[in-house]
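Q: Here's a structure for you.
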Amino acid sequence: MKNHSLGLSHEIACFALTIMAVLSPYMAQAQTTDTTTTTTETVTTTTPKVIAPSAGDTGDIQEVYERGLIEEVRTGAKSSDSGGEQVDVYRVKLLGGPIKGETRDIESSVATNPYQLNPHIGDKVVIFMQKSPGDQDWQLYLEGFDRRAALIWLVVIFFLSLVFLSGWQGMKVFISIAISIAVIGFVLIPLFLRGIPPVPTAIVIMGLMIFISTGLSTGWNKISIITALGTIGGALAAYGIATLFVDWAHLTGINSSEEDRMFFRDNPTLNPRGLLLAGIIIAAAGAAEDVAVSIASAAREVKKNNPHATYKEIFTSAMVVGKDHMAALSNTLIFAYVGASLSTLLLYTQFGGSWLKFINFDAVADEVIRALAGTIGIALTVPITAVLASWIIVKEKISPKPHS
């Protein structure tokens, strides 16, 4: 059970990078207020110039993201050349940045609220602040809700669940996940951004992470070595299959969306095709480790129960465990990809029900190759790990396991 938990821990870590941004010392306290103040006033506004949001200092334009608190929601009458209209106006208190502590009004328009958010009093939001050299004041835009409090508390509950249900083993699983996320966030991603080749970088980093995570559970011994080698073998198999079909399908790693193309245009050192293949390696390694650690541990148990077991006997037992585990995990991987790509699958209706257009959409073809190449990698992890485990463990001299 503990080895299975470890395999899942690495799989979780590979898909948990999205919580990196929330691991800050600050923990927002939830405020619940259901009261909405509604008044009517005349709001005279001019349409602010909209520049694509991007944090930092772009030339002479100052841009920054900060937190804000909704203190009041009211309805106002907006005057324009084409007449008047009713709009929602949000009074926001800035919780950080150059005008921290000040309150500003932001109307709900296409320019200042492009995502059509509907916050209530007490909600914490993310404000995009922009100031050009000729501007006397900051232009404010509603960018989204501040979700860090919810995510941090979910991490806390996750940690408490692991410790409560698994004790010290659960603590080691959590440490393993934290190390994996830190390595991905502070080592792997920066290396990618510097233009380092993504595929060899992902292979080396994932091998290191797997060895560390397995070692935390079973100790840094032959089992962890077998697990790391078997996992990398399965991930490389997935990479080989993916490379063949990515080239055959003429995929570049860049989706059809304008945002995707602009991102890679603004970051010419990045290799989109390499990032696509590196992502397949990382995802396949996370799932393959779950199979590899089970096979390696099963082979060790066979040897403990029968010190005179032959290579064939150990290999046969390891394959039985691996096949059963592979069947369940393959379905898990497919379901995970389908769940993550559900919104993409719904694009079928946008294309008028045309399967020809839908299946040739970049995002759809990407996900199909990711899912199937990863599943093939899991399948090949079974014989690779079984061969390694049998070859290494059959040579060990293990004392017979005492019978009660």
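Q: Residue check: is Leu191 assigned by TED's automatic domain parsing to the domain that holds Ile384, assigned to a helix (DSSP H, G or I) and within 21 Å of the chain's Cα centre (by Cα)?
A: yes
Q: Now for a separate question. Going through Ile232, Ile226, Ile210 one at a time, which residue ends up being over 19 Å from Ala278 (Cβ atoms) and either among the charged types (D, E, K, R) or assigned to a helix (DSSP H, G or I) (or both)?
A: Ile226
Q: Just to be sure I understand the filter: pairs with C-beta atoms under 8 Å, separated by 6 or more residues or on different chains, first member in segment 238-257 and at positive phi, second member in a helix (DSSP H, G or I) and small (Gly, Ala, Ser). Which pairs pass?
A: Hits for this filter: Gly253/Gly274.
Q: Hand me the list of helices (runs of 4 or more DSSP H) wholly inside segment 263-356 holding 2 or more residues that are surrounded by 17 or more Cβ atoms within 10 Å (Cβ to Cβ) and at pLDDT 85 or above.
A: 272-305, 311-340
Q: Determine, yes or no, whether Ile184 is in a helix (DSSP H, G or I) and buried (at least 17 other Cβ atoms within 10 Å of the Cβ).
A: Yes; evaluated as a whole, the condition is true for this residue.
Q: Taking interchain pairs and intrachain pairs at least six residues apart, which have beta carbon atoms under 9 angstrom, with the first residue in segment 301-329 and assigned by TED's automatic domain parsing to the domain that holds Ala386 and the second among the polar types (S, T, N, Q) and part of a loop (DSSP other than H, G, I, E, B)?
A: From segment 301-329, the pairs are Lys304/Ser399; Pro307/Ser399; Glu313/Asn306; Ile314/Asn306.
Q: Looking at segment 89-175, what strands (runs of 3 or more DSSP E) fall wholly within it and have at least 3 residues that are β-branched (Val, Ile, Thr) and surrounded by 14 or more Cβ atoms within 10 Å (Cβ to Cβ)?
A: Numbers: elements: 103-107, 124-131, 139-145.
The strands (runs of 3 or more DSSP E) meeting that bar are 124-131.
Q: Considering segment 242-293 alone, what residues qualify as being in contact with a Phe, Trp or Tyr (Cβ under 6 Å, 6 or more places away or on another chain) and within 30 Å of Val320 (Cα to Cα)?
A: The one that is in contact with a Phe, Trp or Tyr (Cβ under 6 Å, 6 or more places away or on another chain) and within 30 Å of Val320 (Cα to Cα): Ile281.
The values are calculated or read from the model by the stated rules, or taken from the named source; none is laboratory data. Predicted model only: the values in this text are computed from it and were never measured. Glycine also receives a Cβ, built like all others from the backbone with ideal geometry; neighbour counts cover every protein chain displayed.
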